[in-house]
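Engineer: The following block contains the structure, expressed as structure tokens.
The values are calculated or read from the model by the stated rules, or taken from the named source; none is laboratory data. All of these numbers come straight from a predicted model, not from anything done at the bench. Counting neighbours? That spans all protein chains shown, and the Cβs are built from the backbone with ideal geometry, glycine included. Surface accessibility is based on the protein's heavy atoms, side chains included, excluding ligands, DNA and RNA. Shrake-Rupley method; radii C 1.70, N 1.55, O 1.52, S 1.80 Å.
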Amino acid sequence: QVQLVESGGGLVQPGGSLRLSCAASGSICNINPMGWYGQTPGKQREAGATITGDGSTTYADSVKGRFTISRDNGKITVYLQMNSLKPEDTDVYYCYGIVLKRYWGQGTQVTVSS
């Protein structure tokens, strides 16, 4: 089993920044890739950013240039630095990691509002 625990969500004004963290534990040998999805209630989760074990990254068009995903392989933790936040970034953000199958964290709420 793999456990993923997110932290760092909250309320921020438009234009502000947040940093999300996701710590993995359990049977996490070769957990790869890891990443973040966002989900608005009533809608499907949408991919936000992904990072592989060698540091290769991909981003959704809506977050390119504003969000940065990074990974600490020693701590088995993935981060999402979110800058220039917009109200439309408001979502529950879920961390995931793949070890034979996809595992999800419990989600952390990000609200962008003035």
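Engineer: So, counting K/R as plus one and D/E as minus one, what does the shell of residues with Cβ under 12 Å around residue 12 add up to?
Structural biologist: On the way: positive: 19, 86; negative: 89.
Result for the local shell: +1.
Engineer: If you take every DSSP beta bridge fully contained in the chain, what fraction is antiparallel? Give it as a percent rounded to 5. Could you put the intermediate results ahead of the total?
Structural biologist: Details: 39 of 42 bridges.
The antiparallel fraction comes to roughly 95 percent.
Engineer: When only alpha-carbon atoms count, how far does the range 1-107 stretch along each of its three principal axes, as whole angstroms with the largest first?
Structural biologist: Sorted largest first, the three principal extents are 38, 28, 22 Å.
Engineer: Name every cysteine in the chain that ends up alone, with no second cysteine's Cβ under 4.7 Å, or say none.
Structural biologist: Taking the Cβ cut-off of 4.7 Å, the unpaired cysteines of the chain are 29.
Engineer: Let me ask something additional. Choose one answer from 89, 61, 72: the residue with the largest mean-square fluctuation in a GNM of the chain with alpha-carbon springs under 10 Å.
Structural biologist: 61
Engineer: For the chain, with the dipole built from +1 on Lys and Arg beta-carbon atoms and -1 on Asp and Glu ones, taken about the Cα centre, which of 100, 15, 35 lies farthest toward the positive end?
Structural biologist: It is 100.
Engineer: Still on this structure, I have one more. Leaving out ligands, DNA and RNA, what percent of the accessible area of the chain is carbon and sulfur, probe 1.4 Å? Can you show the working numbers first?
Structural biologist: Working: 2930 of 6070 Å².
Looking at the chain in its full context, I get 48 percent from C and S.
Engineer: Next question, about the same structure. Accessible area per residue of the range 28-67 at 1.4 Å probe, in Å²? Walk me through the intermediate numbers first.
Structural biologist: Details: 2350 Å² over 40 residues.
About 59 Å² of surface per residue is accessible.
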